[in-house]
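The values are calculated or read from the model by the stated rules, or taken from the named source; none is laboratory data. Bear in mind the structure is a predicted one, so any value in this text is a computation, not a measurement. When we count neighbours, we look across all protein chains shown, and the Cβ atoms used for this are built from the backbone with ideal geometry, even at glycine. The protein model used for the area step is the full one, side chains on, heavy atoms only, and it has no ligands, DNA or RNA in it. Shrake-Rupley method; radii C 1.70, N 1.55, O 1.52, S 1.80 Å.
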Amino acid sequence: MVKVPKWMMGDMASLKNLMMTLKPLMVEPRRSIIKILSGGVKGTNEIYKALQERGLNMPRSTLYYHLSALEDMGIIEMAGYREVGGGAPEKLWKLKVRRIGIDLVTGEIFKE
C-alpha cells in the first residue's frame, strides 16, 4: 500500500483519477509498445517483431487490440501508411504523449 503525503490528502479524487489513467498503461504489452515507440515511428510489423524479441508472443489480433486501446486513450496515434509489396498498406504508429502527470494546485491530469 502506498502512503499518501498529508498535503495530498485533500484531493484524493485527482490522485485516484491519475492512478486509473496510468494503470492500463503499465501492463504488458502496452508498456512495451510505448517503449518501442519512444524510439520514433514504427510500423505494426516492427512493433510485433520487437514484442516477440522481448518474449511477448501473441496473436497479431491481440497486438491490434492493444494498439487500438492505446490510440483510444490518446497515447499513440497513426502516423501514416507504408506500402509493402502488393498487399494492404502497413499502419505506422507514433507516440502522441510522452508524459502524464497531475497539476498539484488544480488537481488536473495533464498529458504532454
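Among the residues of region 19-34, at least one is in contact with a helix residue (DSSP H, G or I) (Cβ under 8 Å, 6 or more places away or on another chain), modelled with pLDDT of 95 or more and among the hydrophobic types (A, V, I, L, M, F, W, C).
Total residues in region 14-42 satisfying the condition of being open to solvent by 70 Å² or more (accessible area, probe 1.4 Å) and either touching a His at 6+ places or on another chain (Cβ under 6 Å) or in a helix (DSSP H, G or I) (or both): the figure is 7. Which residues, taken from region 64-79, are in contact with a Pro (Cβ under 9 Å, 6 or more places away or on another chain) and more than 17 Å from residue 110 (Cα to Cα)? Scanning region 64-79 gives 66, 69.
Checked against the criteria, residue 56 counts as touching a helix residue (DSSP H, G or I) at 6+ places or on another chain (Cβ under 9 Å) and aliphatic (A, V, I, L, M). The single condition among (1) modelled with pLDDT of 95 or more; (2) surrounded by fewer than 17 Cβ atoms within 10 Å (Cβ to Cβ); (3) among the acidic types (Asp, Glu) that residue 11 does not meet is (1). Those strands (runs of 3 or more DSSP E) of region 43-112 in which at least 2 residues are open to solvent by 60 Å² or more (accessible area, probe 1.4 Å) and within 16 Å of residue 25 (Cβ to Cβ), considering only elements entirely within it, cover 109-111.
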